[in-house]
Amino acid sequence: MSDVTNDSAKIVGQGIDRADGRLKVCGAAKYSAEWSLPRMAYGLMVLSSIPSGRIARIDTQAAERTAGVIGVLSHLNAPKLPKIPPQGRVLSLLQDDQVHYNQQPIAVVIADTLEHARDGVRALQIEYAKSVAQLDFAAASKIAYSPGKIQGNDADSSRGDVAAGMRNAVYRVSQSYSTPFEHHNPMEPHATVAVWEGDTLTIYDSTQYISGVKNTVARTLGVAPEKVRAVCLYVGGGFGGKGSSWSHVVLTAMAARHVGRPVKLVLDRPQMFGPVGGRPNTEQKIQLGTTRDGRLTAMTHDTTSYTSQIEDWPDSSAMVTRMLYACDNQTTSHRMTKLHLGTPTFQRAPGESTGSYALESAMDEMAYAVGIDPIEFRLRNYAEQDQERKLPFSSKSLRECYRAGAERFGWARRNPQPGSMRNGHWQVGLGMAGATYPTRRSAAKAKVRLMPDGTAIAQSGSQELGTGTYTVMAQVAADALGYPVSKVRFELGDTLLPEAPNSGGSQTVASVSPAVRAAALAARGKLIALALQGPDTLWRGTDANDLDIVDGWLRSRSDQTRREPVAAVLARHGSVPIEADGDARPGDERQQYSMHSFGAVFAEVNVDRDLGIVRVQRVVGAYGVGNLLNAKTGRSQLMGGIVWGIGMALLEESLLDKRYGRIVNNNLAEYHVPANADVHDIDIIVVPEDDRIINPLGAKGIGEIGITGVAGAIANAVYHATGKRVRDLPITLDKLI
Amino acid sequence: MNNFSYQRADSTEDAIRMAQQPGAKFIGGGTNLLDLMKGGVERPQTLIDVSRLQLAQIEQLGDGSVRIGAGVRNSDLANHAAIRSAYPLLSQALLAGASPQLRNMATVGGNLLQRTRCYYFYDTSYDACNKRAPGSGCAARGGINRQHAILGASEQCIATNPSDMNVALMALNATVRVRGIKGERAIPIAEFHRLPGDRPDVDTTLAPGELIVAVDLPKSPFADHAYYLKVRDRASYAFALVSVAAALDLRNGTVHDATLALGGVAHKPWRVREAEKALIGKSLDANVMRNAADILLKGAQPYEYNRFKVELAKRSVVRALTIAGGVA
Ligand SMILES: Cc1cc2nc3c(=O)[nH]c(=O)nc-3n(C[C@H](O)[C@H](O)[C@H](O)COP(=O)(O)OP(=O)(O)OC[C@H]3O[C@@H](n4cnc5c(N)ncnc54)[C@H](O)[C@@H]3O)c2cc1C
Ligand code: SF4
């Protein structure tokens, strides 16, 4: 099958409206908590209120006698699950009386209504035997240890001779930067509905990975994966928090089995601050050395983050330093230390968001030390190839990003002197930073079905996180088929469909779209072949290569007046749908090239001279992210990332009470994410980049790069405005007055 | 949330009579009470809906004062023409609070009685909160107390009153009119909210079962020179770290009279007459303003996470006076 479909392929890239936009604004899109089934009961998780110890007594009698309560699951009666070596997350599934963190699931109350379940929860009597909890990160950091590996990479790296590089340096910067504990806080909380029919289980779950839900639940409960089906049609934000199947998912299945009815379990907002992960705080030490003219002679980046008592989950903040700048002498390391808190997890650009803040702050400090422009400093240390892996980049447009971003932003008008630009009581600051995120891809499968009515259905067991999966996959299929996009429907979110990977690591488009395209091309080939068959075909004697499909019409390339609607072909052949499968996976190009997106972020801030208030007036982000499959949803992703970056820089922090191990601001009134008033101009430039090595559609992921670099650019702008370097996020006003 | 019965009062008499039932509580817009009920902090047996009483008028009284019904919604009050022109401070303070949706629901009576946002008060998992469970201790003292008091706190409680409206009412010398079974009485705003002392569970001097019917504002000499400054972590939809209601009667550049109230720093809006007197007869220069701020913050006692508030409050006072006085 030729890879070229037709001359007018053009739907991909267009900023067409979201396929699910209307459903969402009308409230008609069905989120996981909205599945209601006959005889469904309501489960509520009960979470521990101490950080460490054991449950000395749990009296469920009063709760069980409460009106409407049909069951209470605790470690006293929960079925013993098969003991399997942990794979993925270590869950809290009521197997013993131990408490390892505050907000650990310790019971589930199931009732006929939500209100009755609440009454039941209140009637539970729980007594704890507390033990000493370690909640002091600074103290615990003294016994930090290496995770060995981080997502397949070594936790430590070393190249060249750092000591010599430092000795030879004319300028040195050595600083520590810290980033706080944060939580994802998607609008839609985690929600699960579980239904057993005999020994088969269906789970409706808000997840970034339906196959992960299926496999985790099957494995944990000891049932065959074929007996479990997971469904998720829409996710109201995941951001990494829904990339893993957490305890509540399995507990809902256990609860449904316990009461012999379908059970719905939805987390409330405070429950989102503990048992379902968050971004761990980090402490990052960076040292840079340069020659007199600002060429890096040595770099070190050593980070420490917290993990839970029950699982090792290392942050990856120093990874970005390994490849972003040219430097022969470098060491990096990642360490973890255990606290009595829930296990941390992936949160939008895990590692790159926090690591780029530290690295790009240090780069700014060094640019000042050397006395050259921050962009010029970065250009002098531009990495032409991946420094660590010694591989060429499949594509890298960072130079163009610096240039285009600086021009749009008006970087030239910046007086580099800190505190030199003013507007009344506002101190004005302009800062910039680099952005980057790896380009990931995993194996994926898809199916395309050409229907007799001239429409097509493309399918893959992927997820829609609000990012536009429904929309762009229909675009990809439409182009490959030669159908108008209005005639193509994309289906996802069901493990009965061909398997697709986790919608995490910004890999959905890069992984799923090649599979959809392959399936669509195969279906197209079958349609053309079919058109040539049969005694009554219009196309007798026509060469298959002369046939094209354009806008839903079969057409001769040599004589464009000869054409026929695709539905007519199917009608001639008994109106049986044509089906084709697609299977796509990365090849050895990933061993030959280093694959990343790059960008440059520019921020203008106003800082109130007396009150320390910071306002981000403007952000310009320029990115090299390959092809955008949809100009509108693509920009929205990048913009959303920038908005979150503003929050990361100025607002977000989960405030931990070190006596209780609880997050005190565990609600959206007190956990601050940007409000509209915090967000002013955001200007996004996507520089042209044609990278056919990464995948057949040349699309790099865009879900995460948007948040990277933003906190660094804002921190650097704050320094430029005030002369104060804040090395501890978020930059709240008390750090500036 | 516990089970409760809901009753709708048709007259104030009705409401007051219903309020004598044990465990009864009035509900206005419900924007604070319902949140507290969901969290199990408040557990009323009966809710008496007072939002349909005839308490939603704003009237001009003969002596130049204005009477605001307790049921007036925060949005309506903020956008009322007479309020905007005669009491811009009140309008600004209201608009600085919460969000449009919340202001559309919130009533004057409910705003006066909204409870502290202390984390440890809201989350019943904490075993120590004297305001929620008298005698249990105060988790905030040794905990995260960024939003807590620096003035007028007690060993038992260091919570703040979170309202913006109350700060403006303090600076405008408002009077709260309340009615109970024994009749109506008028409570000056300065005496309406309490300092925590050894009864942090009691926020105000309102007697149980008493209904707020109105707030009176005396004729104001401050219409031309008033400013409400709210300093907070995010640009909107956040409670004040510090807020200042500054109102000046300026004549030929000289301060003829002044009021200054601080929000976010104490269990009630904070006012010190000496600080205001220090402005009177002066023209607003940096020293005069800073001196008033120093007097206002005298005796401030911060905690681990809110040390910055003392200096921030002083600078905020200077900024608010500068803007109110038009001397910037
Ligand atoms: C997310 C969020 C953010 C907010 N941000 C701010 C902010 O920035 N600034 C700010 O000032 N406020 C803020 N608020 C609080 C808001 O202003 C209050 O919730 C509101 O003013 C309460 O008014 P209500 O009518 O809804 O009171 P309700 O919740 O109905 O009642 C509150 C209390 O008043 C009592 N009550 C009500 N009416 C009467 C009456 N007539 N007589 C006697 N007792 C009565 C009730 O019994 C109850 O105890 C915020 C609230 C939320 C939820
Ligand atoms: S400050 Fe007051 S409200 Fe907060 S915990 Fe202490 S007693 Fe409770």
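The values are calculated or read from the model by the stated rules, or taken from the named source; none is laboratory data. It should be emphasised that the depicted structure is a prediction, and the values quoted were computed from it without experimental measurement. Cβ placement follows ideal geometry from the backbone for every residue including glycine, while neighbour counts extend to all protein chains displayed. Accessible surface is based on the protein model in full, side chains and every heavy atom, while ligands, DNA and RNA are left aside. Shrake-Rupley method; radii C 1.70, N 1.55, O 1.52, S 1.80 Å.
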Is there a residue being at pLDDT 95 or above, within 27 Å of A:Ser247 (Cβ to Cβ), under 25 Å from the mean Cα position of the chain (by Cα) and in a loop (DSSP other than H, G, I, E, B) anywhere in the stretch A:80-91?
-> yes
Do we have B:Ala153 as open to solvent by less than 10 Å² (accessible area, probe 1.4 Å), within 12 Å of ligand 2 (Cβ to nearest atom) and touching a residue at least 60 places away in the same chain (Cβ under 8 Å) here?
-> no
Yes or no: B:Tyr120 away from ligand 1 (no atom under 16 Å from the Cβ), in a helix (DSSP H, G or I) and buried (at least 18 other Cβ atoms within 10 Å of the Cβ)?
-> yes
Note on the stretch B:299-324: residues more than 11 Å from chain A (Cβ to nearest Cβ), surrounded by fewer than 22 Cβ atoms within 10 Å (Cβ to Cβ) and within 30 Å of B:Asn252 (Cα to Cα) are none
So which of B:Leu169, B:Leu151, B:Leu195 is within 16 Å of ligand 1 (Cβ to nearest atom) and away from chain A (no Cβ under 14 Å)?
-> B:Leu169
By residue number, the members of the stretch B:302-318 that are under 21 Å from the mean Cα position of the chain (by Cα) and farther than 19 Å from B:Glu274 by Cα are B:Pro302, B:Asn306, B:Lys309, B:Leu312
Return the only residue of B:Val167, B:Val178 being closer than 22 Å to B:Leu33 by Cα, touching a strand residue (DSSP E or B) at 6+ places or on another chain (Cβ under 6 Å), in contact (Cβ under 8 Å) with a residue 60 or more places away in the chain and β-branched (Val, Ile, Thr).
-> B:Val167
Among what's in the stretch A:264-281 and is part of a strand (DSSP E or B) and not β-branched (Val, Ile, Thr), pick the residue that is farthest from A:Thr252 (Cα to Cα).
-> A:Arg279
Looking at (1) out of contact with any strand residue (DSSP E or B) (no Cβ under 8 Å at 6 or more places or on another chain); (2) in contact (Cβ under 8 Å) with a residue 60 or more places away in the chain; (3) more than 9 Å from ligand 2 (Cβ to nearest atom); (4) open to solvent by 60 Å² or more (accessible area, probe 1.4 Å), which is the only condition B:Ser99 fails?
-> (4)
Residue selected from the stretch A:645-658 under the condition assigned to a loop (DSSP other than H, G, I, E, B) and more than 7 Å from chain B (Cβ to nearest Cβ), by the criterion surrounded by the fewest Cβ atoms within 10 Å (Cβ to Cβ) = A:Lys658
Among the residues listed as A:Ile106, A:Ile55, the single one being of a type in the set (Val, Ile, Thr), open to solvent by less than 20 Å² (accessible area, probe 1.4 Å), away from chain B (no Cβ under 14 Å) and touching an Asp or Glu at 6+ places or on another chain (Cβ under 9 Å) = A:Ile55
Could you identify the single residue in B:Arg141, B:Arg115 that is near ligand 2 (Cβ under 10 Å from one of its atoms), in a loop (DSSP other than H, G, I, E, B) and within 30 Å of B:Leu55 (Cα to Cα)?
-> B:Arg115
Just need a number here: residues in the stretch B:1-24 that are buried (at least 19 other Cβ atoms within 10 Å of the Cβ) and of a type outside the set (A, V, I, L, M).
-> 0
Complete set of residues in the stretch B:60-97 that are assigned to a loop (DSSP other than H, G, I, E, B) and closer than 15 Å to B:Met165 by Cα | B:Ala70, B:Gly71, B:Val72, B:Asn79, B:His80, B:Tyr87, B:Ala96, B:Gly97
Is there a residue in the stretch B:4-17 that is within 14 Å of another protein chain (Cβ to nearest Cβ) and part of a loop (DSSP other than H, G, I, E, B)?
-> yes
Please go through the stretch A:123-135 and pick out each residue that is within 14 Å of chain B (Cβ to nearest Cβ) and surrounded by fewer than 18 Cβ atoms within 10 Å (Cβ to Cβ).
-> A:Ile126, A:Glu127, A:Lys130
Among the strands (runs of 3 or more DSSP E) contained in the stretch A:154-220, which hold 1 or more residues that are out of contact with any strand residue (DSSP E or B) (no Cβ under 7 Å at 6 or more places or on another chain) and of a type in the set (Val, Ile, Thr)?
-> A:200-205
Filter the stretch A:659-682 down to residues that are open to solvent by 20 Å² or more (accessible area, probe 1.4 Å), facing chain B (nearest Cβ under 7 Å) and of a type in the set (S, T, N, Q), then give me how many there are.
-> 0
Test: B:Pro100 is modelled with pLDDT of 95 or more, farther than 27 Å from B:Pro218 by Cα, within 13 Å of ligand 1 (Cβ to nearest atom) and not assigned by TED's automatic domain parsing to the domain that holds B:Val244 | yes
Given the conditions (1) on the phi < 0 side of the Ramachandran plot; (2) more than 12 Å from ligand 1 (Cβ to nearest atom); (3) open to solvent by 20 Å² or more (accessible area, probe 1.4 Å); (4) in contact (Cβ under 8 Å) with a residue 24 or more places away in the chain, every one holds for B:Gly253 apart from (1)
Exactly one condition in (1) away from chain A (no Cβ under 14 Å); (2) of a type outside the set (Ser, Thr, Tyr); (3) within 7 Å of ligand 1 (Cβ to nearest atom) is not met by B:Asn32; state its number.
-> (1)
Those residues of the stretch A:148-160 which are open to solvent by 30 Å² or more (accessible area, probe 1.4 Å) and under 18 Å from A:Thr282 (Cα atoms) amount to A:Gly148, A:Lys149, A:Gln151, A:Asp156
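Yes/no per residue for (1) open to solvent by 10 Å² or more (accessible area, probe 1.4 Å); (2) within 12 Å of A:Asn716 (Cα to Cα):
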site: A:Ala349; (1), (2): no, no
site: A:Ser353; (1), (2): no, no
site: A:Ala362; (1), (2): no, yes
site: A:Val370; (1), (2): yes, no
site: A:Asp373; (1), (2): yes, no
site: A:Arg380; (1), (2): yes, no
site: A:Glu384; (1), (2): yes, no
The residue that is farthest from B:Ala106 (Cα to Cα), considering only those in the stretch B:1-54 that are within 16 Å of ligand 2 (Cβ to nearest atom) and of a type in the set (D, E, K, R), is B:Glu42
Looking only at the stretch B:233-252, decide whether some residue is acidic (Asp, Glu), out of contact with any Pro (no Cβ under 8 Å at 6 or more places or on another chain) and away from chain A (no Cβ under 14 Å).
-> no
Would you be able to tell me the number of residues in the stretch B:123-143 that are acidic (Asp, Glu) and more than 16 Å from ligand 1 (Cβ to nearest atom)?
-> 1
What is the one condition in (1) open to solvent by less than 40 Å² (accessible area, probe 1.4 Å); (2) at pLDDT below 95; (3) not aromatic (Phe, Trp, Tyr) that B:Leu36 does not satisfy?
-> (2)
